[in-house]
Number of protein chains: 2
Amino acid sequence: MKRAMYKPIKLTPPQFLALIFLSLVMVGGILLKLPIATEHEISWIDAFFISTSAATVTGLTSVDPGSTFTLFGEIVIMFLIQVGGLGVMTFAVLVVIMMGKKIGIKQRLLMQEALNQPSIGGVIRLARNIFIFSFLTELIGVILLSIRWVPEMGLGKGIYYSLFHTIAAFNNAGFALWPDNLSQFVGDPLVNLVITFLIMIGGIGFTVIFDLYYQRRFKKLSLHSKIMLISTLIVNMIAIVSIFLFEYHNPNTLGKLTMSEKMWAAYFQGITPRTAGFNTIDIGALEQPTLMLIVLLMFVGAGSASTGGGIKLTTFIVIIFAVMNFLKGKEETVILKRTIRNTTILRSLAILSVSVLFIFIATMLLTLTEEAGLMPILFEVVSAFGTVGLSMNFTPHLSFAGKVIIIFIMFLGKMGPLTLVYSISKPEKMNIRYPEGDVITG
Amino acid sequence: MKRAMYKPIKLTPPQFLALIFLSLVMVGGILLKLPIATEHEISWIDAFFISTSAATVTGLTSVDPGSTFTLFGEIVIMFLIQVGGLGVMTFAVLVVIMMGKKIGIKQRLLMQEALNQPSIGGVIRLARNIFIFSFLTELIGVILLSIRWVPEMGLGKGIYYSLFHTIAAFNNAGFALWPDNLSQFVGDPLVNLVITFLIMIGGIGFTVIFDLYYQRRFKKLSLHSKIMLISTLIVNMIAIVSIFLFEYHNPNTLGKLTMSEKMWAAYFQGITPRTAGFNTIDIGALEQPTLMLIVLLMFVGAGSASTGGGIKLTTFIVIIFAVMNFLKGKEETVILKRTIRNTTILRSLAILSVSVLFIFIATMLLTLTEEAGLMPILFEVVSAFGTVGLSMNFTPHLSFAGKVIIIFIMFLGKMGPLTLVYSISKPEKMNIRYPEGDVITG
Ligand SMILES: [K+]
Ligand SMILES: [K+]
């Protein structure tokens, strides 16, 4: 009798996560539409656009946040960024821990899903550590930025601005309270260094941070951590040098700056596309090769189990190595003297393929709804998909349909890879087995 | 002693094929540079561009073939198309058959590679059948087109034009002897029907044709043939209807035509992007959504073991089904009640990933070398990669570096998928086995 009493709706962990995210976006959208949240009235679509952009830690803005929202509205945005960035699930687990309740296996599986961790053990400890670590890092960020902004703006506003931009940077959400983002600090060493370090610490993935903390020596690190550290360094170096060279003579970007500012700007803009979304130079004025490079960086994204998005740096590195081995006719893909599992390669290829398909479909839809060239459209779509937040100043000009599409892509960019990884690793059973059939491909 | 006498250079079948193709392009380029081949002198880069374009059955033209080349030059192009289209290997085997020599296992393996056939048995019979079938189909094409062009141009020129465009259409090479390609026949039912049927017969793949010939009934066909026939029908229908709707009001394409011409033009332009490359309307004047659709069609391409290029229709269909199943969390990918092997899915994902990577790199390089928007550049690159030959009238404006890049992409587009399939299916053995390492992706 008791078994028949209640029939709970069964949700898979990705569905549950999507539901929580959706609720977050809904609540955020309604709060941002309240008259007390805005200086002047905004449309429902803009409220939900900003809410989605904040909760998915993207940073695309259809209205200028600094001049549109009141302090209340900005705090709502800051809250959405922090909750979305650290992961709804980590947050939920912390709440449960604080309430002293026991965490069941189901909750831990959800956590594992949210953090993209391969083993269940230590997930709770990890969650607690993430919170302590994030709090301490953000505290240091606020203190350092206050050194710059408190003397300039006064104690209250200075600390508040330091807090807002620290949270945005650490969670890799490119929101800033100035209409031209961080462009006025293009040559400011302190702001450049603090923001980029917050971005990199938040974006490299918590597993790498803790691996570093516990192991200390590079040799003892896991393969994942080693790949992340080496490839982050290489990719950032290539990006910085390329942007410096491509833009050196562009009068609308680096050309008008002093040599010192040029170097800071290239440094900043080389780090921020994966997937922070801040800018100190005008993205809309960049040369085409630079824009293509940034599209690639936005697509690749940050580290797994980080606050960032994209297909993830390790996915990209695995594909690069696998492709080179395919072409060489090698049987195994070896990175740093370790063989990469076939399932990892399959998963990486699937993530890339699905991402490309979705980006293509979204881009094609936007060519139908918007009056704009392919470059700004593709740039906007990849920025949304990688939850980056850079834009060729195109977001405010989006049509209603365009905003709906970008909202959907931001949501998909945050939930998609997670769902996909889950789907591939934990398949349902099928009742009917069909005989195998041959298809010639390629 | 005898073993030490000669040390043959060992080439893998893809390397051997690449070498033959390279030789063909070299010989073609030199012949086209000869003074007797051209009405006015052309540069070496243009000679090799046209030679590569013809041998890879692409159809991109940096100079207008009709007004640039003499009859001799045009015959060289026709020869390159026929040899490249039917496959260098099939040709070589036929020569061997005609010379009465026995075909060894090595040659048959090469043949198998060239034709993308899963089994060695029957490859020789297949080669003979391909030649008989191609000859008969082209004969019918020439006769039908002559009905239209002999009365108009006289016997000699009429038959010659019919032959040239039959060979170009059957081999899916979009070369035409008029500066605006086939635009003057936009409303001509005979030219439209003959050219599109030649394209479709050449592009669906010889295995499907022979399967149809021997099995007669749809139910008895192989899974590969069934997928090809159904998906060709669906994809062509979607393309035709979309182009009709997207371009209906465009004054530079369909807008200026009568209703009958509109329908013929949409029909023709819906079929030709995969991967024939002919056009009856101005590609450069198409709307952005249409251009994006054509980019997708060019990327997908024709059937395996056909005269066409691209990642191949079956590869695309397998990925679409696999992705839908990933998202549903299903264990197996089932198409038409047959389970698709995991190796087939892996191979398809690898082909898509590698293709996207190469297209991205080439597009980025061209944004560096060319002064043009992203759309014409992307369109040109995908057209070259899919050996399609459509262009937003951009090919003649390419810089020297741009031409080199496009030549390389055409070559890669012809050889790449073949090489990749070979590399994945026949891996070399490695001496060192490394322990497996865990990498978190996605
Ligand atoms: K971001
Ligand atoms: K072609």
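The table that follows gives values for the structure above.
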read-out: Contacts under 7 angstrom Cβ, first residue in region B:48-65 being more than 14 Å from chain A (Cβ to nearest Cβ) and over 19 Å from residue B:180 (Cβ atoms), partner within 14 Å of ligand 2 (Cβ to nearest atom) and charged (D, E, K, R), 6 or more apart; value: B:56/B:414
read-out: All positions within region B:175-204 that are within 14 Å of ligand 2 (Cβ to nearest atom) and farther than 18 Å from residue B:71 by Cα; value: B:182, B:195, B:196, B:198, B:199, B:200, B:202, B:203
read-out: Number of the exception - residue A:398 against (1) within 11 Å of chain B (Cβ to nearest Cβ); (2) more than 29 Å from residue A:202 (Cα to Cα); value: (1)
read-out: Filtered residues of region A:318-342 (kept if assigned to a helix (DSSP H, G or I), more than 7 Å from chain B (Cβ to nearest Cβ) and in contact (Cβ under 8 Å) with a residue 12 or more places away in the chain); value: A:321, A:322
read-out: Residue among A:400, A:394, A:385, A:408 that is more than 14 Å from residue A:365 (Cα to Cα), modelled with pLDDT of 90 or more and surrounded by fewer than 24 Cβ atoms within 10 Å (Cβ to Cβ); value: A:394
read-out: Residue check, residue A:311 at the interface with chain B (Cβ under 10 Å from one of its Cβ atoms), away from ligand 1 (no atom under 16 Å from the Cβ) and modelled with pLDDT under 95; value: no
read-out: Some residue of region A:205-220 being in contact (Cβ under 8 Å) with a residue 24 or more places away in the chain, within 11 Å of chain B (Cβ to nearest Cβ), on the phi > 0 side of the Ramachandran plot and more than 16 Å from ligand 2 (Cβ to nearest atom); value: yes
read-out: Matching entry among A:293, A:257 (being more than 14 Å from chain B (Cβ to nearest Cβ) and either among the polar types (S, T, N, Q) or away from ligand 1 (no atom under 16 Å from the Cβ) (or both)); value: A:257
read-out: Pairs, first outside any helix (DSSP H, G or I) and at pLDDT below 95 in region B:145-170, second surrounded by fewer than 17 Cβ atoms within 10 Å (Cβ to Cβ) and among the hydroxyl-bearing types (Ser, Thr, Tyr), C-beta under 6 Å, six or more apart; value: none
read-out: Filter pass, residue B:42 being among the β-branched types (Val, Ile, Thr), at pLDDT 80 or above, open to solvent by 20 Å² or more (accessible area, probe 1.4 Å) and more than 16 Å from ligand 2 (Cβ to nearest atom); value: no
read-out: Matching residues in region B:354-376 - criterion: being assigned to a helix (DSSP H, G or I), under 17 Å from residue B:395 (Cα atoms), in contact (Cβ under 8 Å) with a residue 24 or more places away in the chain and not small (Gly, Ala, Ser); value: B:359, B:365, B:366, B:369, B:375, B:376
read-out: Matching residues, region A:147-188, being under 16 Å from residue A:391 (Cβ atoms) and hydroxyl-bearing (Ser, Thr, Tyr); value: A:183
read-out: Positions within region A:363-395 being more than 9 Å from every other protein chain (Cβ to nearest Cβ) and of a type in the set (Ser, Thr, Tyr), in sequence order; value: A:369, A:383, A:387, A:391, A:395
read-out: Selection from region B:347-362 of residues that are open to solvent by less than 40 Å² (accessible area, probe 1.4 Å) and within 7 Å of chain A (Cβ to nearest Cβ); value: B:348, B:349, B:350, B:351, B:352, B:353, B:354, B:356, B:357
read-out: Qualifying residue in region B:51-62 (condition: open to solvent by 40 Å² or more (accessible area, probe 1.4 Å) and assigned to a loop (DSSP other than H, G, I, E, B)); value: no
read-out: The one condition in (1) more than 16 Å from ligand 1 (Cβ to nearest atom); (2) touching a residue at least 60 places away in the same chain (Cβ under 8 Å); (3) closer than 22 Å to residue A:360 by Cβ that residue A:267 fails to fulfil; value: (3)
read-out: Residue within region B:264-273 that is touching a Ser or Thr at 6+ places or on another chain (Cβ under 8 Å), assigned to a loop (DSSP other than H, G, I, E, B) and open to solvent by 10 Å² or more (accessible area, probe 1.4 Å) present; value: no
read-out: Sole exception among (1) within 16 Å of ligand 1 (Cβ to nearest atom); (2) open to solvent by 50 Å² or more (accessible area, probe 1.4 Å) for residue A:190, by number; value: (1)
read-out: All positions within region A:171-187 that are in contact with a helix residue (DSSP H, G or I) (Cβ under 7 Å, 6 or more places away or on another chain), farther than 19 Å from residue A:146 by Cβ and more than 13 Å from ligand 1 (Cβ to nearest atom); value: A:179, A:186, A:187
read-out: Filtered residues of region A:270-295 (kept if of a type in the set (Ser, Thr, Tyr) and over 16 Å from the mean Cα position of the chain (by Cα)); value: A:280, A:290
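The values are calculated or read from the model by the stated rules, or taken from the named source; none is laboratory data. No experiment lies behind these values; they were computed from the predicted model shown. Cβ: placed from backbone, ideal geometry, glycine included. Neighbour counts: every protein chain shown. What goes into the accessible areas is simple: the full protein's heavy atoms, side chains included, and nothing from ligands, DNA or RNA. Shrake-Rupley method; radii C 1.70, N 1.55, O 1.52, S 1.80 Å.
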